[in-house]
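The values are calculated or read from the model by the stated rules, or taken from the named source; none is laboratory data. Nothing here was measured: the structure is a model prediction, and the numbers come from that model. Reconstructed Cβ throughout: ideal geometry from the backbone, glycine too, with neighbour counts over all protein chains shown. For the accessible areas, the whole protein counts, side chains as well, though only heavy atoms, and no ligand, DNA or RNA atoms are used. Shrake-Rupley method; radii C 1.70, N 1.55, O 1.52, S 1.80 Å.
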Amino acid sequence: MPCFLLNFVESNHPIMTPYLSDKIRLLSFFSIIMVLFIHSSFQETAEGIQGMSFNINLQYFISQMLCRCAVPLFFCISGYLFFLHTESGIKAVLVKMRKRFGTLVIPFIVSIIFFLLSFVAINGFLIGGTDEIYEFSFTENSFPKIVYALTADSGTGYPLPFHLWFLRDLIAIVLLSPLLYYIRKHVNAWIVMSVTFIIATVFVHFPLPTSIFWFLLGSYCLDRKYRFSWVFPSVFLVLCVVQQVFPHPIWDYVNIPVIILGLISIWTIYDKIISPDFSLASHPWLMKACSFTFFIYLFHIPTLYVLRKIMLIPFGHTSLGMVFVYLAAPIVFAIGAVIVGSLLKRFIPKIYSFCVGGR
C-alpha cells in the first residue's frame, strides 16, 4: 500500500468534534454536487456529443477525473460514522446495524420504486441518458431476474438505477460489519488496509472490495489532522491531466492511490480555507442545503436527465449549448431539489422522513 496514506493508524476510536461534524456535512454536500456533475455528462452518441471533441474532453476531465473522489469520500464518511462510538463492543455494532435498516434499506427500496415510476412515465424522454435500461427487457425476464437487476446487477455490474450501487455496497458492508469490527479490533490497521488495498487492486473491476477499502480507510483516518500542502492537489491534477492525455488500462490499477491524493487534497484544502471558528449553524441557508444531501442522491436519477434535456431545448444540439447545460444543470438541480425537499419536509414530514430513512 502506498506510503502516502499518512498516519491513520493512531487510533481505533474516532472522535467527533463540532468542527469535524460541520466539515463532514459540508463535504458531503460538495460530494453530491460532484456526483451530479458525473451524471450530468452527455453520452458520446448521435443524440449526445458525438464529434464535439471539446465537450467530450471537458466533461471527461471534470466528471471522470476531478469528480471521481466523490463516492470514495462518501464511503470514507460512512465508515467513520459507523464505527463512531463503538468502543463498548459488538453490541454497539449490532445496534448500528439495526438502525441502518431504516436509514439504508428503506430509502434503497423507495428510490427503486421512484426510478421505476419515473421511467414508466417518461421513458421516451430518457434516450441518451439511461441507454443501459433499454438493454434490459422487463417483459422477457422473470420476476426474480427483474428484482435482481433492480437491486444488485443488471448485467453491467450495477443495478438498473445505477446510482444506487453505492447504497447496494453500503448495505452489504453493514451486513459484514461485525466481521469488520473484529478485524479492526484485533488486526493492526496497516495490515488491514494493506490487505484490502491489494484485494481492491487485484479485483479492480468489482466494486465491493474497493468500497470496503474506502469504508475502512475512513473509519481509521477521517478524524486525523493533516497539514496542508500544495503537493497533494498539484500532483493529483497533474496525474488527472496525464491520464486524460495518455489513456491506458494500467490507470485502473493505480486509481486508488490517485483518488487518495484527491481525498487528501479536498480534506486539507477545507481546513486551509475554513476558519477553526466556523459554525454551520451560523449560516442557515447553507445548513438547510446540507440537510438535503441524501435526498438529492436518492432522487436525482432520472430527474436530472429530464432537467438537462429541458434546459437544452432553447440551445438545440449545439456545442455551446451542451457545454452550458452540462455545467449548469447540476447547480440548477441542486437548488431545485433543496426547494422541493424543503416543501416536502414542511407539508408531508412523515412521508418525507420515511423516504429518506429519517435523515
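Annotations for the structure displayed:
- Cβ-Cβ under 6 Å pairs, at least 6 apart or on other chains, the range 277-295 side within 17 Å of THR103 (Cβ to Cβ), far side loosely packed, with under 15 Cβ neighbours inside 10 Å: none
- Matching residues, the range 272-294, being hydrophobic (A, V, I, L, M, F, W, C) and open to solvent by 20 Å² or more (accessible area, probe 1.4 Å): ILE273, ILE274, PHE278, ALA281, TRP285, LEU286, MET287, PHE294
- Checklist (1) open to solvent by 50 Å² or more (accessible area, probe 1.4 Å); (2) closer than 19 Å to ALA289 by Cα; (3) part of a loop (DSSP other than H, G, I, E, B) applied to GLY357, failing item: (1)
- Look at the range 324-343: where a residue is closer than 12 Å to THR303 by Cα and a partner is open to solvent by less than 30 Å² (accessible area, probe 1.4 Å) and polar (S, T, N, Q), sitting 6+ places away or on another chain with Cβ atoms under 9 Å, you get ALA329/SER40; PRO330/SER40; PHE333/SER40.
- Close pairs (8 angstrom Cβ cut-off, 6 or more residues apart or separate chains): among the hydrophobic types (A, V, I, L, M, F, W, C) in the range 139-157, exposed (fewer than 15 other Cβ atoms within 10 Å of the Cβ) anywhere: ALA149/ASN141; ALA149/GLY155
- Test: residue in the range 41-53 that is open to solvent by less than 40 Å² (accessible area, probe 1.4 Å), in contact with a Ser or Thr (Cβ under 7 Å, 6 or more places away or on another chain) and farther than 21 Å from HIS300 by Cβ: yes
- All positions within the range 313-323 that are in contact with a helix residue (DSSP H, G or I) (Cβ under 8 Å, 6 or more places away or on another chain) and open to solvent by 30 Å² or more (accessible area, probe 1.4 Å): PRO314, PHE315, SER319
- Residue count for the range 74-95, restricted to those that are buried (at least 19 other Cβ atoms within 10 Å of the Cβ) and closer than 19 Å to ARG25 by Cβ: 9.
- Candidate set from the range 154-181 (those that are more than 18 Å from SER31 (Cα to Cα) and open to solvent by 50 Å² or more (accessible area, probe 1.4 Å)); member that is nearest to the chain's Cα centre (by Cα): TYR158
- Test: residue in the range 244-264 that is closer than 16 Å to ILE24 by Cα, touching a residue at least 24 places away in the same chain (Cβ under 8 Å) and open to solvent by 10 Å² or more (accessible area, probe 1.4 Å): yes
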